[in-house]
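For reference, the structure discussed in these notes is given below.
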Amino acid sequence: MTERQDAKQISTEVMVELRGVHKWYGDFHVLKDINLKVFKGERIIICGPSGCGKSTLIRCMNRLEEHQRGDIIVNGVTLDNDLKGIDQVRRNIGMVFQQFNLFPHLTVLENCCLAPIWVQKKPRREAEAIALKYLERVQIANQAAKFPGQLSGGQQQRVAIARSLCMSPSIMLFDEPTSALDPEMIKEVLDVMVDLANEGMTMLCVTHEMGFAKTVADRVLFMDAGEIIEENEPHAFFDNPLSERTKLFLSQIL
Amino acid sequence: MAVYAHSPHADLPPPKSTVGVVGWLKKNLFSTPVNSALTIVALTFLCWTIPRLIEWALINADWLGTTREDCSREGACWVFVAVRIKQFLFGFYPGSEYWRVVLSFSLVGFLVAWLLIEKTPRKGFVAFLTIFVYPVIAYILFYGGAFGLPVVETHRWGGLMLTLILATIGMFCALPIGIILALGRRSSMPIAKSVSIVFIEFWRGVPLITVLFMSSVMLPIFIPEEVNIDKLLRAIIGIIFFESAYMAEVVRGGLQAIPRGQYEAAEALGLSYWKTMLFIILPQALKLVIPGIVNTFNALFMDTTLVLIIGLFDFLAVMQSAFADPKWLGFSVEGYVFVALIYWIACFSMSRYSQYLERKLHTGH
């Protein structure tokens with residue numbers, strides 16, 4: 001993994017703001033009064049036990065999930081039922097999933113070109129040039145003509161990252177990007193993510209990769225039972241956890 | 001603890017008894033005593049029936065002639081089919097106008113082949129011709145009334161030509177309508193959803209014979225006399241609605257098999273509902289249900305024979321009416337075998353093409 005770059009000045013521009021956000025799945029109260037500000041260029045790691053609502057939290061930020069109370073403001077756009085607003089937010093946010101979710105019937109290149117062509121209305125040639133640039137960056141351009149089913153898990157996840165980057169998002173969400181990978185493939189994906197972090201991308205990442213968290217994170221959030229329990233700078237978070245629940249969690253995963 | 005010597009082990013060929021003809025026979029035909037017994041029984045049965053069939057249909061058959069006296073009656077009398085072939089193919093279409101039917105079918109055959117065969121250029125333009133221009137040309141050719149072509153009323157259409165018209169129009173319309181209905185049924189919009197469900201459940205709940213009968217007998221009672229909708233058109237609309245309801249459920253099966261993550265990935269990229277469906281979901285869902293779609297197409301092709309009950313003479317009906325000819329009594333076996341063979345060739349071709357398509361669209365997932 002590349003070394004962490006020098007501590008940088010974090011911008012004061014707010015990219016994502018959550019104010020008193022609540023969400024229920026039926027009767028189940030999955031997010032309870034979440035308040036969070038994400039600044040431009042900030043790298044935030046979210047961890048917590050299974051079912052604590054950490055994936056739901058980031059999925060609310062691009063409206064894959066609907067919240068029922070409170071406000072979510074992304075780049076100045078408040079997320080509500082207004083479809084135009086949702087579209088605008090989604091063009092601005094890239095997302096990488098645990099299960100990659102590449103489109104299996106399209107080649108790697110087509111996976112990357114689809115949204116630039118049909119959402120951003122770019123000419124095909126331009127979209128392909130951009131796609132190849134990002135595929136090059138995740139070091140997989142030589143596989144551009146293959147189908148996702150012919151690639152390894154790590155390669156697929158790198159394609160998924162490139163696919164998101166092709167939309168030139170200003171925020172990237174990662175939902176457990178390495179959890180479905182064989183151990184020897186985790187590093188190649190994390191390396192790409194570290195590079196991205198070093199280039200100043202605003203990132204929110206749900207992960208249990210603590211080494212990665214220490215390398216790139218500006219802040220670590222610990223969630224349990226739908227609430228943010230603890231929030232700290234990574235070294236302090238891992239070395240001196242404050243709450244009992246955090247200590248218990250860290251003792252189980254480390 | 002032990003460390004095993006790690007020298008590269010040469011690749012050995014597989015055991016003799018598992019490869020080649022012997023291996024194949026052993027694996028597929030004689031793997032267990034029961035399978036061996038079944039193989040022997042099946043082979044005996046085939047040896048007993050196939051030669052007799054060939055003898056009847058080919059060796060002892062009579063091919064040439066014009067009357068029943070030309071048949072020696074030992075084997076099949078294909079003279080019966082040969083003498084009436086024009087009627088089987090064209091029904092009561094006037095003989096001087098046969099070229100219009102042939103031209104029209106050749107045209108669609110050419111267009112469809114262009115679309116189905118790989119690596120032909122300008123598929124988009126040809127698809128446009130097939131969908132929007134060809135139907136107009138076909139209507140003018142079949143029905144006439146323009147460019148000096150005499151009108152041929154639909155009640156004179158018949159035979160294989162009518163069967164193919166019903167089946168082709170049925171397939172071309174049932175698939176897109178079925179897709180729309182399937183999407184409607186899974187829609188979150190309550191009106192689109194209920195309309196689709198009511199439509200699908202209504203048409204699936206009624207036998208096709210009833211649909212055809214209603215369209216032919218009941219409908220004229222309810223609509224004013226001045227509005228005269230052609231009987232063939234009514235039958236076609238009935239078949240399209242009926243089959244599109246089945247098609248909708250086949251397509252819905254495919255839609256349900258697409259993982260949630262595909263929708264989410266498309267949404268996260270900012271694709272709209274229709275673009276998600278068109279580029280991401282439908283290509284995968286339709287590929288999954290190719291066997292079901294072809295199944296429905298085959299069923300539709302067979303179902304067209306039911307138009308007999310409303311007095312349209314399709315391929316099978318024309319054949320059956322020929323059995324009643326006093327000059328040719330007693331040749332129904334030949335007639336049915338010929339009809340069956342034609343239907344089988346059509347359906348088997350569809351089936352083979354669909355298998356080719358499945359292989360071609362397989363992308364290793």
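The values are calculated or read from the model by the stated rules, or taken from the named source; none is laboratory data. Just so it is clear, the model here is predicted, and its values are computed rather than measured. Neighbour counts run over all protein chains shown; Cβ positions are idealised from the backbone, glycine included.
Where residues in region B:308-325 are assigned to a helix (DSSP H, G or I) and either of a type in the set (S, T, N, Q) or within 12 Å of B:GLN87 (Cβ to Cβ) (or both), which of them is nearest to the chain's Cα centre (by Cα)? Please lay out each step first, then the result.
Step one: filter region B:308-325 for residues assigned to a helix (DSSP H, G or I), giving B:308-310, B:315-323.
So of that shortlist, the ones also either of a type in the set (S, T, N, Q) or within 12 Å of B:GLN87 (Cβ to Cβ) (or both) come out as B:315, B:317-322.
Details: B:PHE315: 15, B:ALA317: 19, B:VAL318: 20, B:MET319: 20, B:GLN320: 22, B:SER321: 24, B:ALA322: 25 Å.
Here the residue is B:PHE315.
Take region B:83-96 and flag every residue that is farther than 13 Å from B:MET161 by Cα and crowded, with 16+ Cβ neighbours inside 10 Å.
Listed by number, the residues that qualify are B:VAL83, B:ARG84.
What number of residues within region A:164-223 satisfy the criterion of being free of Cβ contacts under 8 Å to residues at least 60 places away in the same chain, surrounded by fewer than 18 Cβ atoms within 10 Å (Cβ to Cβ) and acidic (Asp, Glu)?
Of the residues in that region, 3 qualify.
Could you please give the count of residues in region A:138-148 that are of a type in the set (Gly, Ala, Ser) and within 13 Å of chain B (Cβ to nearest Cβ)?
We begin by selecting, within region A:138-148, every residue of a type in the set (Gly, Ala, Ser); these are A:141, A:144-145.
When the remaining residues are screened for being within 13 Å of chain B (Cβ to nearest Cβ), the result is A:145.
Final tally of qualifying residues: 1.
All but one of (1) within 14 Å of chain A (Cβ to nearest Cβ); (2) surrounded by fewer than 19 Cβ atoms within 10 Å (Cβ to Cβ) hold for B:LEU271; state the number of the condition that does not hold.
Evaluating B:LEU271 over (1) within 14 Å of chain A (Cβ to nearest Cβ); (2) surrounded by fewer than 19 Cβ atoms within 10 Å (Cβ to Cβ) leaves (2) as the failure.
Taking region A:114-129 as the search range and keeping residues that are more than 14 Å from chain B (Cβ to nearest Cβ) and not basic (Lys, Arg), which one is farthest from the chain's Cα centre (by Cα)? Steps first, answer last, please.
Of all residues in region A:114-129, those more than 14 Å from chain B (Cβ to nearest Cβ) come to A:123, A:125-126, A:128-129.
With not basic (Lys, Arg) added as a condition, the list becomes A:123, A:126, A:128-129.
Numbers: A:PRO123: 28, A:GLU126: 26, A:GLU128: 24, A:ALA129: 24 Å.
Filtering region A:114-129 for residues that are more than 14 Å from chain B (Cβ to nearest Cβ) and not basic (Lys, Arg), the one farthest from the chain's Cα centre (by Cα) comes out as A:PRO123.
If you scan region B:172-202, which residues turn out to be among the polar types (S, T, N, Q) and surrounded by fewer than 14 Cβ atoms within 10 Å (Cβ to Cβ)? Talk me through it step by step, then tell me what you get.
Our first condition is that a residue be among the polar types (S, T, N, Q); within region B:172-202, this holds for B:187-188, B:194, B:196.
Listed by number, the residues that qualify are B:SER188, B:SER194.
Within region A:75-84, can one find any residue that is out of contact with any Phe, Trp or Tyr (no Cβ under 9 Å at 6 or more places or on another chain), part of a loop (DSSP other than H, G, I, E, B), more than 13 Å from every other protein chain (Cβ to nearest Cβ) and of a type in the set (Asp, Glu)?
Yes, because at least one residue in region A:75-84 is out of contact with any Phe, Trp or Tyr (no Cβ under 9 Å at 6 or more places or on another chain), part of a loop (DSSP other than H, G, I, E, B), more than 13 Å from every other protein chain (Cβ to nearest Cβ) and of a type in the set (Asp, Glu).
Yes/no matrix, rows are residues, columns are (1) within 14 Å of another protein chain (Cβ to nearest Cβ); (2) over 30 Å from B:GLY311 (Cα atoms); (3) modelled with pLDDT of 90 or more:
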{"residue": "B:ILE200", "(1), (2), (3)": "no, no, yes"}
{"residue": "B:ILE237", "(1), (2), (3)": "no, no, no"}
{"residue": "B:ALA245", "(1), (2), (3)": "no, no, yes"}
{"residue": "B:LEU278", "(1), (2), (3)": "yes, yes, yes"}
{"residue": "B:ALA285", "(1), (2), (3)": "yes, yes, yes"}
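Considering each residue of region B:102-121, count those that are of a type outside the set (S, T, N, Q) and surrounded by 16 or more Cβ atoms within 10 Å (Cβ to Cβ), and give that number.
Of the residues in region B:102-121, the ones of a type outside the set (S, T, N, Q) are B:102-103, B:105, B:107-119, B:121.
Now drop any that are not surrounded by 16 or more Cβ atoms within 10 Å (Cβ to Cβ), which leaves B:105, B:107-108, B:111, B:114.
Total meeting the criteria: 5.
Only one of A:LEU106, A:LEU151, A:LEU135, A:LEU57 is at the interface with another protein chain (Cβ under 9 Å from one of its Cβ atoms) and hydrophobic (A, V, I, L, M, F, W, C). Can you tell me which? Walk me through how you get there before you give the answer.
Details: A:LEU151 fails: at the interface with another protein chain (Cβ under 9 Å from one of its Cβ atoms); A:LEU135 fails: at the interface with another protein chain (Cβ under 9 Å from one of its Cβ atoms); A:LEU57 fails: at the interface with another protein chain (Cβ under 9 Å from one of its Cβ atoms).
It is A:LEU106.
Looking at region A:135-153 only, could you name the residues that are buried (at least 22 other Cβ atoms within 10 Å of the Cβ) and more than 17 Å from A:PRO104 (Cβ to Cβ)? Before the answer, list the steps.
As a first pass, look at region A:135-153 and keep what is buried (at least 22 other Cβ atoms within 10 Å of the Cβ): A:135, A:138, A:140, A:148.
Within region A:135-153, A:LEU135, A:VAL138 qualify.
Select from region B:320-365 the residues that are touching a residue at least 24 places away in the same chain (Cβ under 8 Å) and among the small types (Gly, Ala, Ser) and write down the one among them that is farthest from B:THR163 (Cα to Cα).
B:SER354
Can you say whether A:ASN101 is within 12 Å of another protein chain (Cβ to nearest Cβ), assigned to a helix (DSSP H, G or I) and of a type in the set (S, T, N, Q), as far as the supplied structure shows?
Considered against the rule, which asks whether it is within 12 Å of another protein chain (Cβ to nearest Cβ), assigned to a helix (DSSP H, G or I) and of a type in the set (S, T, N, Q), A:ASN101 comes out as no.
Residue by residue, here is whether (1) buried (at least 16 other Cβ atoms within 10 Å of the Cβ); (2) closer than 22 Å to A:LEU181 by Cα holds:
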position	(1), (2)
A:PHE39	yes, no
A:GLY48	yes, yes
A:GLY51	no, yes
A:MET61	yes, no
A:ASP71	no, no
A:LEU83	no, no
A:ILE86	yes, no
A:ARG90	yes, no
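For A:ILE117, indicate whether it is outside any strand (DSSP E or B) and surrounded by 15 or more Cβ atoms within 10 Å (Cβ to Cβ). Can you show your working first?
Working: outside any strand (DSSP E or B): yes; surrounded by 15 or more Cβ atoms within 10 Å (Cβ to Cβ): yes.
Against the criterion (outside any strand (DSSP E or B) and surrounded by 15 or more Cβ atoms within 10 Å (Cβ to Cβ)), A:ILE117 qualifies.
Could you tell me whether any residue of region B:342-357 is in a helix (DSSP H, G or I) and within 14 Å of another protein chain (Cβ to nearest Cβ)?
Our first condition is that a residue be in a helix (DSSP H, G or I); within region B:342-357, this holds for B:342-357.
Next cut, within 14 Å of another protein chain (Cβ to nearest Cβ) only: B:357.
Yes, region B:342-357 contains at least one residue that is in a helix (DSSP H, G or I) and within 14 Å of another protein chain (Cβ to nearest Cβ).
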